[in-house]
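Structure, as structure tokens:
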Amino acid sequence: MSNLIDTYKNYEIDLEKVTCLFKKDNYEIFWLGIDNETAFRCNVYLIKSGNEAIIVDPGSRAFFEVVKKRALQVVKLEEIKAIIVCHQDPDVCASMIDWLEILPNLKVITTERTNVLLPHYGKDDYEFFNINTCKKYIFKSGEELEFIEAPFLHFSGAFATYDKTSNFLFSGDIWAALDVDWELVVSDFDKHISNMNLFHIDYMASNLATRGFVNKIKDKKIEAILPQHGSIINSDYVQEALTYLKELKCGLDIIYGDISGCK
Ligand SMILES: [Fe+2]
Ligand SMILES: [Fe+2]
């Protein structure tokens, strides 16, 4: 058993339970939810290596109790050692203050630009793991997470996390999609493009940024893309997803496109 994402394609998952996306020996990845019925539904993930766990983009305060309850289905509280915060938006990480309340030693893994804003949620006495200077996190068992800066997608200090064991890419808002007929795994990529457009055209800075990011990751083996909103993109559509981002016209391309030739 390893990559389980394909098994959830066209499959109705039990939303009351945590969903295992990857399992190899003591290394597991879970989708913790959340399952609120809004277009801006947020995905929270948990990576577990033995008795060491990291929550990826823990989410808003409104869903803290739900996410905690779900996390505790698969880990003990004290096993949660860190949270990854791909940027500072409240839907990504406002719950960090609740997590720090119960786990004061929690590491906050993020960029410098994000870290200067996080204290505005109300806590600044946490351990900051700076991905600008340390590009990887190594679990005690040796598995590695690699951090890839993604400037202006959409925040200037945004980044993605590449898990070298599963080859999953936790992409934050990149490849995020808005939809009202959500499914865990994309089953129709053409339809999914419209859902991604709803997010990307307004939020992402420009084609220069999206193309630049694709260029950064072009040599990586990517088994699945796990965004913070919308469905997971499995291996069937990873190539199409890279092409989508490479060719995307968004943000400044559209807003200032008609004055690009002006002097
Ligand atoms: Fe965001
Ligand atoms: Fe978001």
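The values are calculated or read from the model by the stated rules, or taken from the named source; none is laboratory data. Just so you know, these numbers come straight off a predicted model, no measurement behind them. Using ideal geometry, Cβ is built from the backbone for each residue, glycine included, and neighbour counts are taken over all protein chains shown. Please note that ligands, DNA and RNA were not included when accessible areas were found on the heavy atoms of the full protein model with its side chains. Shrake-Rupley method; radii C 1.70, N 1.55, O 1.52, S 1.80 Å.
The combined condition, being open to solvent by less than 10 Å² (accessible area, probe 1.4 Å), in contact (Cβ under 8 Å) with a residue 12 or more places away in the chain and under 22 Å from Asn130 (Cα atoms), is not fulfilled by Ala71. Within the range 180-203, being away from ligand 2 (no atom under 14 Å from the Cβ) and open to solvent by less than 20 Å² (accessible area, probe 1.4 Å) holds for Leu184, Val185, Val186, Phe189, His192. The set of residues in the range 104-117 being in a loop (DSSP other than H, G, I, E, B) and open to solvent by less than 20 Å² (accessible area, probe 1.4 Å) consists of Leu106, Thr111. Total residues in the range 180-222 satisfying the condition of being part of a loop (DSSP other than H, G, I, E, B) and of a type in the set (Phe, Trp, Tyr): the figure is 1. Exactly one residue out of Asn26, Asn10, Asn51 is surrounded by fewer than 14 Cβ atoms within 10 Å (Cβ to Cβ) and touching a helix residue (DSSP H, G or I) at 6+ places or on another chain (Cβ under 6 Å): that is Asn51. Restricting attention to the range 78-95 and to residues that are outside any helix (DSSP H, G or I) and within 13 Å of ligand 2 (Cβ to nearest atom), the residue that is surrounded by the most Cβ atoms within 10 Å (Cβ to Cβ) turns out to be Cys86.
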